[in-house]
Amino acid sequence: MTGVLYGVGLGPGAPDLMTLRAARLIKGAAVVAYPTLAGADSFARSIAADLIAPGVREIVMDVPMSVERAPAQAAYDKGAIEIAAALDAGQNVVCLCEGDPFFYGSFMYLFARLSETYQTEVVPGVTSVTACAAAACMPLAARNERLTVLPGPLPEDELRARIEGAESVVIMKVGRHLAKIRGVIDALGLTADAMYVARATLAEEVVLPLADAPEKAPYFSMILLTKGADPWL
Ligand SMILES: C[S@@+](CC[C@H](N)C(=O)[O-])C[C@H]1O[C@@H](n2cnc3c(N)ncnc32)[C@H](O)[C@@H]1O
């Protein structure tokens with residue numbers, strides 16, 4: 001009997017925003033796996049830390065930070081080989097994933113490598129988008145409105161065109177792209193409609209109008225923007 005591969009969403013940071021199913025699987029795990037970025041501590045592991053029993057085997061995938069895809073792919077290839085060995089030995093493997101596994105989640109890289117060979121289950125999680133909207137008290141989409149999700153690293157021209165054509169907008173992966181994103185939103189005259197949220201649901205959470213946001217943003221930050229929202233819906 002081979003083991004089951006679980007991709008488990010942990011929510012956006014606060015451990016009590018994890019689903020009961022995720023908590024049950026982590027508590028019962030003999031093997032957990034998670035990525036770390038360029039040797040830094042794993043945010044995903046920190047969310048689940050209180051649930052990981054002593055003696056559990058931890059498979060750590062150290063993903064280098066580089067624009068080229070090959071080094072990250074090599075890290076996931078190596079991790080997939082270790083995970084496959086545990087599954088072949090009959091052990092279930094619980095992969096920890098911040099937010100939701102299928103929403104810009106690292107688990108997708110393991111899913112692509114392993115799900116055709118091994119029984120795989122995905123446990124959805126509260127996403128950072130819904131957590132940031134809640135923190136900012138900012139309803140995102142009602143009736144037939146459209147919500148556009150954009151990654152901050154997009155080129156300036158593309159960001160501008162996509163924001164111009166959108167209704168509600170969420171911009172993720174803000175980090176070092178804050179100045180560029182701010183410039184685009186300012187040029188479109190939309191700064192007054194935008195909120196900045198960093199490290200939502202954690203003790204260090206910051207929620208500010210974009211106009212008051214700091215000059216530097218952490219990687220775990222987001223900008224939310226709604227245009228012409230009707231207060232009476
Ligand atoms: C690789 S994506 C991971 C998304 C995650 N799988 C989810 O479901 O929300 C990382 C981006 O998510 C956003 N993010 C994740 N957690 C966040 C938090 N607690 N507060 C603000 N933004 C967050 C940031 O924009 C960050 O750059």
If you take the residues of the stretch 218-228 that are near the ligand (Cβ under 9 Å from one of its atoms) and part of a loop (DSSP other than H, G, I, E, B), which of them is surrounded by the most Cβ atoms within 10 Å (Cβ to Cβ)? F220
Of D50, D88, which residue is in contact with a helix residue (DSSP H, G or I) (Cβ under 7 Å, 6 or more places away or on another chain), in the same structural domain as V31 (by TED's automatic domain parsing) and surrounded by fewer than 17 Cβ atoms within 10 Å (Cβ to Cβ)? D50
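Let's see how each residue does on (1) basic (K, R); (2) within 25 Å of V174 (Cβ to Cβ):
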position: D50; (1), (2): no, no
position: G79; (1), (2): no, no
position: G99; (1), (2): no, yes
position: Y109; (1), (2): no, yes
position: R113; (1), (2): yes, no
position: L140; (1), (2): no, yes
Out of the stretch 173-191, which residues are touching a strand residue (DSSP E or B) at 6+ places or on another chain (Cβ under 7 Å) and over 12 Å from M222 (Cα atoms)? I185, L190
Members of the stretch 1-24 found to be more than 16 Å from the ligand (Cβ to nearest atom), of a type in the set (A, V, I, L, M) and in contact with a Leu (Cβ under 9 Å, 6 or more places away or on another chain), listed by number: V4, L5, A23
Residue match in the stretch 118-132 (condition: more than 14 Å from S221 (Cα to Cα), crowded, with 19+ Cβ neighbours inside 10 Å and of a type in the set (G, A, S)): yes
Within the stretch 166-186, the count of residues that are surrounded by 15 or more Cβ atoms within 10 Å (Cβ to Cβ) and part of a helix (DSSP H, G or I) comes to 8
Hey, can you tell me all the residues within the stretch 139-162 that are outside any helix (DSSP H, G or I) and at pLDDT 95 or above? L147, T148, V149, L150, P151, G152, P153, L154, P155
Just to check your reading of the model, which residue among E164, E204 is away from the ligand (no atom under 16 Å from the Cβ), farther than 19 Å from D100 by Cβ and outside the structural domain of T19 (by TED's automatic domain parsing)? E164
Just name the residue that is nearest to the ligand (Cβ to nearest atom) out of those in the stretch 92-113 that are surrounded by fewer than 23 Cβ atoms within 10 Å (Cβ to Cβ) and more than 15 Å from the chain's Cα centre (by Cα). F111
Can you tell me which of A194, A141 is within 16 Å of the ligand (Cβ to nearest atom) and of a type in the set (G, A, S)? A194
Residues that are in a loop (DSSP other than H, G, I, E, B) and in contact (Cβ under 8 Å) with a residue 40 or more places away in the chain, drawn from the stretch 187-215: R199, A200, T201, L202, E205
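The values are calculated or read from the model by the stated rules, or taken from the named source; none is laboratory data. All values reported here derive from a predicted model rather than from experimental measurement. For neighbour counting, all protein chains shown are included, and Cβ atoms are generated from backbone atoms with ideal geometry for every residue, glycine included.
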